[in-house]
Structure formats: C-alpha cells, structure tokens
Amino acid sequence: MIVVSARARPVVRLALLRLTRIAPRVTRMVAGGADIARLDPGPFTDSHIRIVFPRPGIAYPADLDLRHIHATLPRSAWPRTRTYTIRAFDAAAGELTIDFYHHGRPGLTPTWLAGLKPGDPVLLREPRGLYRPRPVAGWHLLAGDAVALPAIAVTLEAMTAGMRARVIVEVVDEYDEQPLPTAADADIRWIHTARGDSLATAVRSLAFEPGVVQAFVHGEGAVIRGLRRHLLDERGVARDLLSISGYWRRGLTDEQWREWKARQAGRCPDRD
C-alpha cells in the first residue's frame with residue numbers, strides 16, 4: 001500500500017522578471033509573483049531553494065507536490081531539482097534573487113537559463129537554512145568557492161559593526177570577483193585557481209585569531225571532506241560552530257552527488 005504524507009508541500013510558482021550576467025561565469029535571476037508571499041527565508045544567511053524541473057510528457061498533479069509524486073510515480077518520472085542559495089529576498093518588492101555559477105559544461109540549469117524569457121515559470125521548493133553568524137563567536141571564518149559565494153555575500157551583509165571576519169573565496173580569476181559590502185571588520189582574500197591557488201591550501205595556512213571562531217566552509221565535495229577533519233581535529237573548531245558541506249562534486253551531476261551523500265547518511269535521496 002502506498003502511503004502519502006498528509007502534509008502537502010505544493011511547489012511555489014514564480015515567474016522570471018529578469019536575467020543579468022553580473023560576471024563572465026555568473027548569471028543573476030530575479031523572479032517574482034503572487035506565490036512569493038509563501039516564501040520565508042527565515043533568519044539564516046545560507047537559505048536555499050530547490051528549483052523544480054518537470055520532465056516533458058509526464059502528467060503531474062496540479063500542485064506538483066513532490067511528496068505525493070515520489071510516493072505515486074516511478075523514480076524515472078520524478079521532476080529533477082537543483083539547489084541554489086538565495087542571494088537576496090525582498091518581500092516588499094516581491095523579488096527573489098538567485099545567482100547561478102557556470103562551470104563551463106552543459107547541464108540542466110544552463111540549458112534552462114539559455115531559453116528562459118521574462119514571464120516564464122520558475123518552480124521551486126520552499127526555502128531552508130541552517131547557518132547564521134552568532135554573536136557568541138569572537139571572530140568568523142567564511143571560506144568557499146564561487147558556488148558558495150552567494151551565501152558568503154549574504155552573511156557579510158548580515159554582519160554588524162564590531163563583528164570580525166576572515167574571508168577566503170576561491171574563484172577562477174579576478175573577473176569572478178564581486179563587491180562584498182559589510183559593516184563588519186572583514187579581511188577579504190580572493191584566491192585564483194587560474195594561477196594555482198586553492199581553497200584547501202589557503203584555509204590550512206591561515207593564521208587563526210585568538211578566541212572562539214564560528215566557521216562557514218563550503219565548496220567542492222572532495223576539498224571540503226579534507227577540510228572538515230582539519231578544522232575539527234587540528235584547529236579545534238567546535239562542532240556546533242562549524243557549518244561545512246560539499247555543495248557540489250567534480251565529475252558528478254547534482255543527482256549523483258545527492259545520491260552519494262544520501263547513501264553515506266543511510267537515507268533515500270530526494271524523499272523530502
């Protein structure tokens with residue numbers, strides 16, 4: 001017998017307002033619509049949504065409730081999803097902003113963006129988040145690659161005067177750099193893979209400040225896996241003050257990466 005959760009989570013339906021190329025490898029999408037009233041990023045600076053891509057030729061329920069779909073349709077018919085950080089949310093203007101980083105290879109999202117026009121639907125799951133800078137920390141470490149840059153930017157914007165941050169962002173070259181306004185006392189360092197720099201080396205060689213550190217470290221899966229043990233065991237970062245995960249994995253699609261992580265955690269991917 002198939003059991004479907006009684007708590008339906010219909011997909012939020014927005015529409016494209018505008019697309020802008022803000023850097024050679026970054027496209028900014030702004031979407032809006034009446035359904036935006038259902039979105040609440042909460043207090044988190046890493047709030048993220050999943051964009052939903054229905055498969056052509058499949059008859060889905062009108063509300064596109066993924067829990068119902070997952071319980072009643074074969075896996076091959078499930079809509080595909082991609083996860084992205086909310087770069088900005090303006091409830092008053094009715095606008096949600098997402099930055100897309102282009103890795104330089106074909107994929108589901110680049111193909112979709114290439115054909116997207118103002119007014120076209122943007123379907124997404126309601127936002128979730130876990131991290132925000134906490135005042136208990138004496139200073140903050142923010143480290144990540146270009147995929148983690150939106151969350152780092154939102155975090156810096158949320159930090160207040162008197163907070164201290166050490167920031168390391170790995171990008172290809174100077175053309176990927178973006179303004180990172182903040183009221184905090186922030187030391188921002190851009191490192192470039194085009195000249196051989198790496199996030200792992202930069203974090204490992206960083207001279208830590210005295211005092212309690214809260215760390216946000218995200219990027220490519222293999223890099224992050226090595227940094228996790230370094231920060232916990234060698235640097236002594238408190239586990240409850242460490243936000244760390246691989247946002248993506250080189251050589252894997254998003255589905256393959258989520259499936260790998262789900263197997264490691266002993267759960268079924270995409271069920272929630």
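The values are calculated or read from the model by the stated rules, or taken from the named source; none is laboratory data. If you're wondering where the values come from, they're calculated on a predicted model, not measured in any experiment. Every residue, glycine as well, gets a Cβ built from its backbone with ideal geometry; the counts of neighbours run over all protein chains shown.
Considered as a group, the residues in region 44-54 that are of a type outside the set (A, V, I, L, M) and touching a Ser or Thr at 6+ places or on another chain (Cβ under 8 Å) include one that is nearest to LEU124 (Cα to Cα), and that residue is ARG50.
Residue-wise test of (1) out of contact with any Gly (no Cβ under 8 Å at 6 or more places or on another chain); (2) not hydrophobic (A, V, I, L, M, F, W, C).
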| residue | (1), (2) |
| --- | --- |
| PRO133 | yes, yes |
| ILE191 | yes, no |
| GLY219 | no, yes |
| LEU231 | yes, no |
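Which one is surrounded by the fewest Cβ atoms within 10 Å (Cβ to Cβ), of the residues in region 47-79 that are β-branched (Val, Ile, Thr) and without any contact (Cβ under 8 Å) to a residue 60 or more places away in the chain? Going through the qualifying residues, I end up with ILE58.
When residues in region 135-157 are screened for being surrounded by fewer than 20 Cβ atoms within 10 Å (Cβ to Cβ) and either at pLDDT 95 or above or touching a helix residue (DSSP H, G or I) at 6+ places or on another chain (Cβ under 6 Å) (or both), 4 of them pass. The residue that is modelled with the highest pLDDT, among those in region 216-232 that are surrounded by fewer than 24 Cβ atoms within 10 Å (Cβ to Cβ) and touching an Asp or Glu at 6+ places or on another chain (Cβ under 9 Å), is VAL223.
Taking residues in region 110-136 that are in contact (Cβ under 8 Å) with a residue 40 or more places away in the chain and charged (D, E, K, R), and partners anywhere that are surrounded by 17 or more Cβ atoms within 10 Å (Cβ to Cβ) and in a loop (DSSP other than H, G, I, E, B), the pairs with Cβ atoms closer than 7 Å and at least 6 places apart or on different chains are ARG125/VAL11; GLU126/LEU39; ARG128/SER47; ARG132/PHE44; ARG132/THR45.
Close Cβ contacts (under 8 Å, 6 or more residues apart or on different chains) running from residues in region 176-204 that are of a type in the set (Ser, Thr, Tyr) to residues that are surrounded by 15 or more Cβ atoms within 10 Å (Cβ to Cβ) and at pLDDT below 95 comprise SER198/VAL223.
If you go through region 82-106 and keep only what is of a type in the set (Gly, Ala, Ser) and surrounded by 14 or more Cβ atoms within 10 Å (Cβ to Cβ), you end up with ALA88, GLY94. The residues in region 143-194 that are among the basic types (Lys, Arg) and touching a His at 6+ places or on another chain (Cβ under 8 Å) can be counted, and the count is 2.
Of all residues assigned to region 110-120, none qualifies as being surrounded by 12 or more Cβ atoms within 10 Å (Cβ to Cβ), at pLDDT below 95, under 14 Å from VAL26 (Cα atoms) and in contact with a Ser or Thr (Cβ under 8 Å, 6 or more places away or on another chain).
Quick check on region 113-131. Is at least one of its residues under 22 Å from VAL203 (Cα atoms), part of a loop (DSSP other than H, G, I, E, B) and of a type outside the set (A, V, I, L, M)? Scanning region 113-131 turns up at least one residue that is under 22 Å from VAL203 (Cα atoms), part of a loop (DSSP other than H, G, I, E, B) and of a type outside the set (A, V, I, L, M).
Among the residues of this structure, ALA31 counts as one that is of a type in the set (A, V, I, L, M), part of a strand (DSSP E or B) and farther than 30 Å from HIS140 by Cα. Among the residues examined, ALA158 qualifies as small (Gly, Ala, Ser), in contact with a Pro (Cβ under 7 Å, 6 or more places away or on another chain) and over 20 Å from GLY221 (Cα atoms).
Taking the criterion of being of a type outside the set (Val, Ile, Thr), more than 19 Å from ARG128 (Cβ to Cβ) and assigned to a loop (DSSP other than H, G, I, E, B), the residues of region 34-62 that qualify are PRO54, ARG55, PRO56, GLY57, ALA59, TYR60, PRO61, ALA62.
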